[in-house]
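Below: the structure, in C-alpha cells.
Just so it is clear, none of the values below were taken in a lab; they were calculated from the coordinates. Only a predicted model underlies this, so the values are computations on that prediction, with no experimental measurement involved. Here the Cβ positions follow ideal geometry from the backbone for every residue, glycine too, while neighbour counts run over all protein chains shown.
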Amino acid sequence: MKRSWYRVLLAVLLPLTVLTGCWDYRRLDARAFALAIALDSGDDGQLEVTGQFPRPGALKGGGGGGGGGSSQGEEAFFMVTGRGGTFTEALTDMQNMLSRQASFGHLRSVVVGEKLARQGIRPMFFELMRFPEVDKTADFMVALSAKGADVLRAKPPQEKLPAIYLSRAFLTIRARNFTVPSRIVDFYVNSSNPGLSPFMTSLSLSSSKVPKPPEGAGPQGGGGGGGKGKDTEPDQISFKGMALFSDYKMVEKLEAEEAQGLLWVKGARNQTLTLTRGGPGGDYDAIRNLWTKSTMFARLENGGLVLSYEVNGEGDVEQSRQRAIRVTDKDFRELEKQASARITADATKSLKKLQASRTDILGTGAEIRARYRGLWVELTRDRAWEDVFSGARIEVKASVKLRRKGIIS
Amino acid sequence: MFSGFFRRPRRVAEIAADRKEVREKPTSERGPEKGSPTGAKYSGNLKEAVRRLKDGLAKSNDIVIREFKVGPGSGVPAVLVFAQNLVDKRLIDQDILSPLRRASLWKDAEDVTRVDFSSAQSIRDHVLDANDVKAEDKWMQLVEAVMIGDTILLIDGADKGLIIDTKGFEHRTVDQTNTESSTRGSQEGFAETLMVNLGLLRRRLRDENFRIKLMKIGRRSRTDVALCYIEGVCNPRVPQVVEDRIKAIESDEILDDAAIGAYLRDDPFTLFPLDRPTERPDFAVRELMQGKMVILTGNAPTALVVPSTINDFYRTTDDYVHTFWEATVIRWVRLVAGVISVVLLPLYVALTAFHPELIPTDLALAVSGSREGVPFPEIIEVGIMEGIAEILRESILRLPKIMSVSIGVVGGLVLGQAAVQAKIVTDLMLIMLAVTVLSNLTAPSIEIASAWRLVRWMFLLAAGFLGLYGIVLMALVLLAHLSTLTSFGVPYLAPYSPFRWEGQMDGLVRAPLPALTRRPSIYRPPDQRRREGYEQPDEDVELAPVTGPGEDGRLGPAPGQDGGEEDGR
C-alpha cells in the first residue's frame with residue numbers, strides 16, 4: 001500500500017506519452033456538423049460534394065418565434081458545395097468555405113445523384129469507406145433524375161432539416177419494411193460478395209405546389225443551386241424503389257411495385273396485399289399483416305440452372321365487402337389461391353427484371369455458394385455469377401395462408 | 001496512497017517499539033500540569049495543599065475553595081474544592097456539607113467514636129450521603145477530578161482526600177439527529193455528554209459481554225474516550241489496535257471524534273473517510289453487532305464506527321426498517337446517484353469537447369445551439385458553475401439560519417437563471433449541475449459525499465484534458481487507490497474485493513433480515529452466527545370464527561374456543 005504511489009504515477013504518466021492522438025479537443029460550437037452530404041457529378045466532370053450543416057442557433061428556439069414565413073426567414077441549415085477531382089479534394093474545398101471545422105461524426109445520410117451513380121461511384125465510395133469520421137451505418141441512397149444536392153435542398157414541411165427528414169424517413173422505412181433500406185455498410189458488404197449485387201434505396205422529388213410530373217432535369221447551372229422559380233421548387237421526397245448497381249455503376253431501377261415483388265421473396269413483414277376485382281369501386285379483398293418467408297432451391301436441369309423460390313405467407317383478412325354475408329371455407333381457399341397467384345406473378349416479374357439487369361440483389365448467389373458449394377464452384381468456374389443468374393430459369397411457388405377468418409362480420 | 005511521499009514505511013514491530021517508548025515515558029514529560037509537582041500525594045497537610053491549589057488550579061476564578069471546620073468540638077479544618085460551573089451545587093449542599101455539619105454536631109458518644117475524622121475511608125463510609133465517593137491520595141487525580149465536575153474534600157490530618165461525584169453541568173439533552181434522519185424507528189441521536197451516550201447504547205444492548213473502556217487523551221484537554229465493543233463478537237485485535245493507537249496520540253487537545261479519527265485512520269492522506277461517524281445510537285448498536293467497535297468521545301455527539309468499509313457509508317437505519325425490496329431499491333438509487341454525481345459533468349465535458357459523435361444527433365444539435373454565444377469552453381463553463389455551487393454551499397452553511405433561505409433563493413434561482421440569460425453558461429449545464437448536487441447528497445454520510453465531490457473535480461480535470469480517456473484513466477486511478485485502502489486492516493472495498501458471499505447479502509442487495517444469518521466474515525468475528533436460520537412454525541392460521549353478539553351483547557369467540565378466559569375478565 002505504502003509503495004504503490006509510483007506505480008500509480010507510472011500508470012498515469014506512461015500513457016500520456018502516447019496520447020498525441022487523443023488530443024482532439026475541439027469545442028462543440030467550433031464544429032459544423034454535416035448531417036447529410038450529397039455526391040454529384042458536376043458538368044465539368046468534377047465531383048461535387050454538398051454538405052448540409054444545421055445552424056444550431058436557428059434550430060434551438062427560432063421555430064415558433066422567429067420569422068418562419070416563406071420569405072427570407074433565417075433557414076435552419078446552410079449548404080456548401082465543394083468541388084474536386086476526388087472526394088477528399090472536394091471535402092477540402094468545402095472546408096475552405098466554412099468558418100468552423102466540418103465534422104462528419106453525425107452524418108446520417110449520403111445522397112448520390114443519378115448522373116454520378118450511372119457514371120460509377122467506385123473511387124469516392126472507397127474514399128468514403130476509409131474516411132474515419134463517417135459512421136458507416138449512415139443511410140445511402142440514390143436521387144432519381146435529380147442531383148443529390150437538390151434532395152438536400154428540398155424542404156419537406158415535416159422537419160426543419162431535410163437531413164433529419166431523410167434519416168427519420170429511413171427509420172420509418174425500416175420499421176414498416178416498405179422498401180429495402182440501404183446503408184453504406186450494406187452497399188460495401190454486398191459489393192464485396194461475389195454472389196450478391198449492391199443496391200441503394202432510390203428516391204424521387206416532386207412538388208406539392210404545381211401538379212407536374214417529377215420530370216427531373218436538375219439545375220443545369222453549376223453554381224450550387226440554380227435560380228429556380230419558387231413555385232416549382234420540389235418539397236416532397238418519396239421513397240419509391242431501388243437502384244441496382246453492378247460494378248459500382250447504377251444499371252437499373254426498380255419501381256415501387258417491382259420492389260414490392262422482390263420483398264415477397266426477400267421476406268416481408270406486416271405488408272398489405274390488396275386484390276381487386278372488376279373496375280375501380282368494385283369488389284376488393286385486403287390481406288393485412290402479411291408476413292412472408294421464402295426458401296430458395298437450386299437445381300440443374302439439362303445443364304441449365306433452375307432457381308426455385310418457395311414463398312410462404314401468412315396474413316389476416318381485413319376486408320371482404322361483398323362476401324360479408326356468407327363466408328365459407330371455399331371462399332377463403334379461393335382468396336388464398338388468388339393471393340398466392342398474385343405474389344407469384346409479382347415476384348416473378350421483379351426477378352425477371354433483376355435477371356435482365358444482371359444484378360442479384362437478393363443474394364441468391366451467396367446462398368448457393370453457402371448451401372450448394374459444389375454447384376457454385378461448377379457454375380462460376382468460367383463465368384461470372386451475374387451471367388449465370390441472368391441465364392437461370394426462375395420458378396416462384398407462393399402459398400398464402402389466411403388467419404383470423406372468424407373476425408369478418 | 002501518498003503517505004509514502006512523507007514517511008518511510010515502517011515495520012509493525014518498529015512502530016510498536018516506538019509506541020512502547022511513548023507509553024513508558026515518565027509522566028513528568030507528558031503529565032498535565034508541568035508546574036505542579038506530579039507524583040505528589042496528599043497526606044493530611046491541608047495548609048500545604050491549599051497553598052498548592054491557590055498557586056495553581058485556583059488561580060482561575062471559577063474554582064471554589066470552601067474552607068470550613070469539621071468534627072466534634074471546634075473541629076479540624078477542611079476544604080471543599082470544586083469548579084462552580086461544572087457541579088450541581090445542590091448535591092454539594094445535601095450530600096456533603098450538611099452530613100458533615102450534622103456529624104460535627106453529634107453528641108452521642110457512640111456516633112462520635114464510630115467516625116474517625118482522620119480517615120478518609122471512615123468519613124466516606126459513615127458520614128457522606130453521596131453515592132459515588134472515592135478515596136484518593138494522588139494529587140494529580142484529585143486535581144483532575146475537580147476539572148471534570150467532581151468535588152474533592154480534603155481534611156487536615158486525614159490520610160487521603162475524597163473525590164465525590166457532583167457533576168451537574170449544563171448540556172443538551174437527547175434530541176433528534178440532525179444529519180441522519182429516518183422515516184421509521186428510533187429518532188434519538190447522541191448528545192454531547194459521554195455518559196448519556198453510553199446509556200443510549202446500553203439501553204439497546206443488554207448483553208453482559210458489552211464492554212465499555214474509558215480512556216483519557218489529550219495532554220491538556222483530557223478528553224474522555226469510550227471504546228465500546230462486544231466481547232466475543234468483535235475480533236479481539238481491533239480493540240487492542242485502537243487502544244494502542246489512541247494511547248500513541250501525542251497531542252495536547254483532542255476536542256472531538258473527528259480529531260481521534262484523524263489519528264486512527266490507516267492512511268492519513270486519503271480523501272476517503274476510513275471511519276464511519278454516526279449520530280444514531282441504533283446505527284451504532286447495529287454496527288457493534290456486526291463485530292465492529294464504536295468510539296465515543298466526550299463532548300461530541302457523534303460516534304466513530306471502526307473498522308469501516310465503503311459499504312458502511314451507504315447504509316442507513318432506513319435500510320433495515322423497510323422491506324428488503326424497498327431497501328434494495330434505495331441502495332441502488334444511492335449507488336446510481338453516486339455514480340451520476342461523479343461522472344455526469346465530466347461526461348458532459350468529455351462528450352461535448354472530444355466526442356460529440358457519441359451524443360444522439362438531436363441532442364448534439366440542441367447542446368450546440370444552446371452553447372451558441374457562450375464564450376467559454378465547456379470545461380471552464382462547468383468550472384464556473386461548480387465553483388458557484390461550492391461558494392453557495394459554503395455560504396449557506398456559514399450564514400445565520402434565518403438568512404439562509406433567502407440567500408438560497410438569490411444564489412440558486414437568480415444566479416443560475418441570470419447566468420443562463422447572460423449566456424455565461426448553458427441551461428443544460430444548470431440542469432446537470434442541479435442533478436449532480438442532488439445526487440451527491442443522496443449519500444447517507446456527509447463524509448463520503450464530500451469525498452466524492454472532491455473526486456468529481458479530479459474527474460473534471462481529467463475529462464477536460466483527455467476526454468473519455470481521461471475519465472477512464474481517472475476511474476482506474478480511483479479504483480487502484482480505493483483498493484489499497486484499509487481500515488484497521490479490513491480492505492476498504494470489502495465485501496466486493498475481496499469478495500465475500502455473506503457480505504453480498506447486505507451489500508448491493510439487502511436480503512430479508514432472517515436470511516442474514518452470518519456476520520460479515522471480513523471482520524473475523526469470533527462468533528460468526530448472528531441468528532439461526534428462521535423457520536416459521538407450520539400452523540393453521542385460519543382465524544377463529546366469530547359468532548353473533550352473545551347474550552351480554554358482546555362479540556365473542558364461538559363456544560368452546562377459549563371462551564372461558566374471555567368470560568373471566
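Using a Förster distance of 35 Å, how high is the FRET efficiency between A:L10 and B:E243, based on the Cβ-Cβ distance and rounded to 0.05?
E between A:L10 and B:E243, to the nearest 0.05, is 0.35.
Here the label points at B:N61 and A:W291, each 7 Å from Cα along the C-beta direction, are separated by 9.6 nm in the simple model.
Between the C-alpha center of the stretch A:383-398 and that of the stretch B:508-551 there is a gap of 74 Å. If the segment from B:K423 to B:D93 were pulled out straight at 0.36 nm per residue, it would be longer than the present Cα-Cα gap by 111.5 nm.
Does the stretch A:106-151 come out rounded, prolate or oblate by the C-alpha gyration tensor, with a ≥ b ≥ c the root eigenvalues, rounded set by a/c under 1.5 and, if not, prolate when a/b is larger than b/c and oblate if not? Don't skip to the answer; put the middle values down first.
Numbers: a/c = 2.86, a/b = 1.43, b/c = 2.00.
In terms of gyration-tensor shape, oblate.
A cut-off under 14 angstrom between Cβ atoms defines the neighbours of B:E136, and their net charge, with Lys, Arg +1 and Asp, Glu -1, is -1. Cross-link check: pairs A:K160/A:K266; B:K54/B:K89; A:K115/A:K337 evaluated at a Cα-Cα cut-off of 32 Å; pairs beyond the cut-off: A:K160/A:K266; A:K115/A:K337. Working note: Karplus 6.51/-1.76/1.60 with θ = phi - 60° gives the stretch B:184-195 the couplings 8, x, 4, 10, 5, x, 5, 9, 8, 8, 4, 5 Hz, where Gly and Pro are set to x. At q = 0.09, 0.12 Å⁻¹ the log10 of I(q)/I(0) for chain B amounts to -0.90, -1.21, computed by Debye summation with a single uniform scatterer per C-alpha, solvent ignored.
Counting, for every residue in B:371-382, the Cβ atoms of other protein chains within 10 Å of its Cβ and taking the mean gives 3.
Arranged from fewest to most other beta-carbon atoms within 10 Å of their beta carbon, B:E287, A:E233 become A:E233, B:E287. With both labels modelled 7 Å from their Cα along Cα-to-Cβ, the A:D44 to B:L476 distance reads 5.2 nm.
Give the calculated FRET efficiency between B:V541 and B:R202 to the nearest 0.05, with a Förster radius of 30 Å applied to their Cβ-Cβ distance.
In this case the efficiency is close to 0.20.
In terms of other Cβ atoms within 10 Å, B:M289, B:M147 run from fewest to most in the order B:M147, B:M289. Residue order for B:W332, B:W501, fewest other beta carbons within 10 angstrom first, comes to B:W501, B:W332. For A:S246, nonlocal amide neighbours, meaning residues 5 or more places apart or on other chains whose placed amide H falls under 5 Å from its own, are A:V251. Backbone geometry of the stretch B:258-275 corresponds, through the Karplus equation with coefficients 6.51, -1.76 and 1.60 at θ = phi - 60°, to 3J(HN,Hα) couplings of 4, 5, 5, x, 4, 7, 7, 5, 5, 10, x, 9, 6, 6, 8, x, 10, 9 Hz, x marking Gly and Pro.
As a test of the formula, what do you get for the protein assembly as shown when each DSSP H run with n ≥ 4 contributes -39,500 (n - 2.57) and the sum is divided by the residue count, at 222 nm and rounded to the nearest 500 deg cm²/dmol? Provide the component values of the computation, followed by the final result.
Numbers: 37 runs with 378 residues, N = 978.
My calculation for the protein assembly as shown gives -11500 deg cm²/dmol from helical runs alone.
Treating each Cα of the protein assembly as shown as an identical point scatterer and ignoring solvent, apply the Debye formula and state log10 I(q)/I(0) at q = 0.05 Å⁻¹. Result of the Debye calculation: -0.59. With Cα atoms defining each centre, the stretch B:422-466 and the stretch B:218-296 are spaced 31 Å apart in the structure.
Within the stretch B:174-245, the ratio Rg/Rh, alpha carbon atoms throughout and Rh by Kirkwood, equals 1.02.
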